[in-house]
Amino acid sequence: MAIQLADFSWAVMVPKSTSKMMIKFLLVLLISLSTVLAEGNACNPMDLKGLTDFKAAIHNDIGNRLASWVGHRCCMWKGITCDNRTGRVTEIHLPASSSGARLEGSLSASITLISFLQILYIGGNPGLVGEIPQSLGSLTNLFQLYLASNRLSGSIPESVTNLTNLVLFDLRNNSLTGHIPQGIGQLQALVDFDVSRNLLSGKLPPSMANLSSVVTIWLHNNFFEGPIPVLKMPSLELLLLANNSLTGSIPTNFGDLISLREVDLSNNKLEGAIPDSLGNLSMLLVLELQQNRFSGKIPDEFLKLGNLEVLNLSNNHLVGKIPEGKPLSDFPKSSYSGNTGLCGKPLTPCKPI
């Protein structure tokens with residue numbers, strides 16, 4: 001008699017004891033696999049420590065953005081970005097929002113444990129107080145540092161000179177004191193440097209001349225003193241030094257900064273003659289030198305500034321005839337007022353000699 005395949009069941013072919021063992025094995029394998037997958041999404045222990053300490057230092061999370069910061073899967077948390085390959089945290093992005101979200105508290109020093117961090121972007125929080133961690137310079141992968149418009153105090157850490165990959169350095173509108181670190185010129189990748197509207201003082205470090213990639217420098221509304229250092233910045237387009245206590249004269253090499261589009265040196269204590277070399281700045285759109293102690297004549301070379309849209313030389317000690325012709329003749333009287341020795345269009349005509 002032929003044997004039919006249907007006459008044999010799996011249960012007959014495999015003993016019941018073996019079947020139970022296989023089921024147990026599969027269950028254990030499934031649980032192990034789930035654990036591995038869960039751990040694969042877990043935060044690096046150092047990153048987790050840095051972020052949990054950061055959260056602990058925030059006593060008021062208006063907008064509840066940190067509510068998601070629970071458990072161990074920090075790459076899923078709001079405001080956090082990780083590298084898909086390494087799983088390490090690379091960005092903290094928690095600026096104040098137009099909807100009113102903001103942070104109140106302090107900036108935990110443990111943030112420097114997040115060693116792969118590339119972007120630290122936390123701004124617009126008037127309730128974020130205290131000092132910038134002195135160990136910030138250990139975050140050598142950082143290329144964007146944005147802590148603007150908080151209420152941070154204390155000094156700029158000297159260690160920031162180790163951040164040689166930094167492209168954006170923005171600490172404006174805080175309550176920082178002290179000076180710009182002497183080694184700031186080591187940040188040769190820097191494009192945007194902004195420490196304006198703080199309480200900083202001291203002399204501008206000569207090493208600033210080494211910022212060869214910088215495009216914008218914002219140092220206005222501080223208490224800087226002493227001379228303007230010689231600058232060798234071929235890419236520099238904007239230089240704002242207004243409302244400080246700078247002294248001395250404008251460096252004669254200013255005319256070599258041929259990419260400059262806006263210069264504001266107003267409301268300082270600068271003196272001496274205005275260098276003829278400023279006439280070489282053919283790209284210049286804005287030149288503000290008011291409220292200083294400049295003397296001598298307006299250089300005839302200013303007639304070469306054909307792109308100039310804003311000029312303010314008021315309230316200095318300039319004398320002589322305003323050079324005739326465009327663009328100087330197109331500016332209003334207010335551009336030249338407060339210089340009792342100046343004459344010529346648009347001011348009163350000069351007296352015949």
message: Please verify whether Glu301 is touching a Gly at 6+ places or on another chain (Cβ under 6 Å) and not in a loop (DSSP other than H, G, I, E, B), treating the condition exactly as stated.
response: yes
- request: Check whether at least one residue in segment 273-282 is under 22 Å from Met233 (Cβ atoms) and touching a strand residue (DSSP E or B) at 6+ places or on another chain (Cβ under 7 Å), and report yes or no.
  value: yes
- prompt: Quick check: anything in segment 197-219 of a type in the set (A, V, I, L, M), within 12 Å of the chain's Cα centre (by Cα) and closer than 30 Å to Thr86 by Cβ?
  reply: no
query: If you scan segment 295-336, which residues turn out to be closer than 15 Å to Asn267 by Cβ and out of contact with any strand residue (DSSP E or B) (no Cβ under 6 Å at 6 or more places or on another chain)?
result: Leu313, Ser314, Asn315
statement: Filtering segment 94-115 down to residues that are on the phi > 0 side of the Ramachandran plot and modelled with pLDDT of 95 or more yields Gly105
- prompt: Here is a list of conditions, (1) in contact with a Phe, Trp or Tyr (Cβ under 9 Å, 6 or more places away or on another chain); (2) under 19 Å from Asn244 (Cβ atoms), and Ser175 meets all of them except one; can you say which number that is?
  reply: (1)
message: For segment 66-93, which positions are over 16 Å from Ile119 (Cβ atoms), modelled with pLDDT of 95 or more and touching a Leu at 6+ places or on another chain (Cβ under 9 Å)?
response: Leu66, Trp69
message: Within segment 104-119, take every residue that is under 19 Å from Gly154 (Cα atoms), of a type in the set (A, V, I, L, M) and in contact with a Leu (Cβ under 8 Å, 6 or more places away or on another chain) and give me the one that is surrounded by the fewest Cβ atoms within 10 Å (Cβ to Cβ).
response: Ile111
- line: The strands (runs of 3 or more DSSP E) lying wholly within segment 222-268 that contain at least 1 residues that are modelled with pLDDT of 95 or more, in contact with a strand residue (DSSP E or B) (Cβ under 9 Å, 6 or more places away or on another chain) and farther than 22 Å from Arg197 by Cα are 245-248
task: Tell me, please, whether a residue that is in contact with a Ser or Thr (Cβ under 7 Å, 6 or more places away or on another chain) and on the phi < 0 side of the Ramachandran plot can be found in segment 322-335.
output: yes
- line: Only unsatisfied item for Leu204, checking (1) surrounded by fewer than 20 Cβ atoms within 10 Å (Cβ to Cβ); (2) touching a Pro at 6+ places or on another chain (Cβ under 6 Å), is (1)
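Okay, residues lined up against (1) part of a helix (DSSP H, G or I); (2) touching a Pro at 6+ places or on another chain (Cβ under 8 Å); (3) more than 21 Å from Asn165 (Cα to Cα); (4) not β-branched (Val, Ile, Thr):
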| site | (1), (2), (3), (4) |
| --- | --- |
| Asn60 | no, no, yes, yes |
| Leu66 | yes, no, yes, yes |
| His72 | no, no, yes, yes |
| Glu91 | no, no, no, yes |
| Gly100 | no, no, yes, yes |
message: Given (1) surrounded by fewer than 21 Cβ atoms within 10 Å (Cβ to Cβ); (2) closer than 16 Å to Lys55 by Cβ; (3) of a type in the set (Lys, Arg), identify the lone condition not met by Arg151.
response: (2)
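The values are calculated or read from the model by the stated rules, or taken from the named source; none is laboratory data. For clarity, every value in this text was computed on a predicted model and none was experimentally measured. Glycine gets a Cβ as well: all are built from the backbone with ideal geometry, and neighbour counts include every protein chain shown.
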